[in-house]
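Below is one structure; the comments refer to it alone.
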């Protein structure tokens with residue numbers, strides 16, 4: 001039975017602005033290669049890079065309050081995510097260890113319900 | 001024989017049975033039902049029931065089969081109680097076949113010590129699932145609340161199931177890292193028992209004994225790996241000196257003051273043989289080197305005759321595998337016996353930031369300053385060490401040093 005996971009790529013919230021254009025391009029090339037490799041193997045089923053945390057809007061459904069910013073003020077935030085199908089956590093850890101861009105990758109198992 | 005010693009030895013016999021049987025049984029049930037949490041729970045229930053019955057009725061002739069039968073009955077009970085008759089429970093309840101010959105305990109060890117689990121959870125889970133301790137026994141060993149330990153175990157097992165932690169032996173590529181993780185768990189367990197970091201007594205022999213047993217089991221299950229042999233040798237060497245380490249009043253005795261006639265010769269010889277077996281594989285590692293260092297001490301006829309040159313050399317090698325401030329501190333101590341206290345004090349200076357919160361750093365500094373004829377600074381360093389240690393036996397050793 002395969003498990004589903006969400007990989008959350010954690011960064012400083014504002015993207016890699018401090019890098020030079022050359023470095024940035026090289027990094028995007030590595031990310032592209034990583035994405036292609038794991039999509040081709042069937043493990044990676046989708047995902048996106050996100051706009052910086054400063055663009056976030058938070059809504060509280062119970063009160064209807066809409067706020068500018070992420071729900072948690074933190075130095076680090078999710079810069080992108082990928083949805084992965086794998087036989088077990090070890091396979092995903094091995095994959096995350098090769099992620100070329102951000103400093104941390106959080107792995108969260110996805111709740112899979114019958115018929116979904 | 002008094003009543004207490006009788007029941008204690010009966011208790012020890014029962015614990016030995018659990019150690020032999022629990023891991024095997026859980027291992028095969030996990031494989032059969034595919035559910036780590038459930039298998040572990042059923043066997044724990046069976047152990048608790050055995051603890052109620054065996055002291056009265058005696059240990060059954062085939063304790064493994066008794067535990068298996070009881071675990072099966074526990075599964076049936078749950079099936080009846082539960083409206084959701086799950087396939088997993090039926091698989092366990094229906095399994096009448098005796099335990100397979102194959103040993104699933106290696107997978108079990110690697111699952112319990114998976115790096116995705118917190119170290120405390122790895123320790124508690126390994127003791128419960130592989131060594132067959134009850135939650136109450138684990139709580140007692142770590143002077144923790146039983147409810148806190150139970151909670152830790154529940155959370156860890158939930159993570160294993162929900163996060164998809166694999167129940168398998170790591171691949172060859174993964175093995176070095178994963179083995180290192182298991183050894184770290186076992187060494188922490190052993191140290192907690194051998195040199196308790198808190199609590200009224202300085203040692204908890206049962207915990208150290210369980211850790212040594214687990215390490216022996218691991219060494220047998222991965223016979224081509226040298227590091228488990230190294231850790232096992234290290235544990236034997238610590239145990240060989242255990243009787244000389246604490247005096248009649250429960251006070252810790254420094255290595256240099258220990259009565260070497262109390263050291264266990266056979267254990268030291270056993271450790272030596274283990275180190276040689278490991279060394280023959282020609283893959284040196286941190287535990288083998290630590291064991292080799294301990295062996296040089298153990299084989300030395302007196303403190304004065306200690307071969308500090310060899311010990312220094314071994315610490316230099318150890319730095320290649322484990323470059324930590326504590327290893328550097330130990331190297332500085334060894335060198336102080338070869339090249340003088342002043343040079344070692346300078347080496348210690350580089351470690352000031354990293355080890356300021358470590359009592360042995362200040363104790364060593366105090367010792368060196370005393371030797372260099374700086375008694376005022378020496379006393380200050382010893383006092384700082386005293387403030388930092390929470391082990392009562394180590395505390396009084398430092399208190400005695402302050403007198404001079």
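Annotations
- Selection within the range B:155-184 - surrounded by 14 or more Cβ atoms within 10 Å (Cβ to Cβ), more than 17 Å from residue B:125 (Cα to Cα) and facing chain A (nearest Cβ under 9 Å): B:170, B:174
- Meets criteria (within 13 Å of another protein chain (Cβ to nearest Cβ), within 22 Å of residue A:33 (Cβ to Cβ) and either touching a strand residue (DSSP E or B) at 6+ places or on another chain (Cβ under 9 Å) or surrounded by fewer than 11 Cβ atoms within 10 Å (Cβ to Cβ) (or both)) for residue A:101: no
- The set of residues from the range B:261-278 being in a helix (DSSP H, G or I) and either assigned by TED's automatic domain parsing to the domain that holds residue B:314 or touching a helix residue (DSSP H, G or I) at 6+ places or on another chain (Cβ under 7 Å) (or both) comprises B:262, B:267, B:268, B:270, B:271, B:272, B:274, B:275, B:277, B:278.
- Some residue of the range B:332-345 being within 30 Å of residue B:313 (Cβ to Cβ), part of a loop (DSSP other than H, G, I, E, B) and modelled with pLDDT of 90 or more: no
- Residues located in the range B:315-355, provided they are farther than 24 Å from residue B:388 by Cα and surrounded by 20 or more Cβ atoms within 10 Å (Cβ to Cβ): B:315, B:318, B:335
- Screening the range B:39-148 for helices (runs of 4 or more DSSP H) wholly inside it with 1 or more residues that are modelled with pLDDT under 85 and away from every other protein chain (no Cβ under 14 Å) returns the ranges B:63-81, B:87-94, B:135-141.
- When residues in the range A:10-39 are screened for being in contact with a strand residue (DSSP E or B) (Cβ under 6 Å, 6 or more places away or on another chain) and at pLDDT below 95, 3 of them pass.
- Residue in the range B:310-325 that is touching a residue at least 24 places away in the same chain (Cβ under 8 Å) and farther than 30 Å from residue B:266 by Cβ present: yes
The values are calculated or read from the model by the stated rules, or taken from the named source; none is laboratory data. Keep in mind the model is a prediction, meaning the values are calculated, not measured. Note that we place each Cβ from the backbone using ideal geometry, even for glycine, and neighbour counts take in every protein chain shown.
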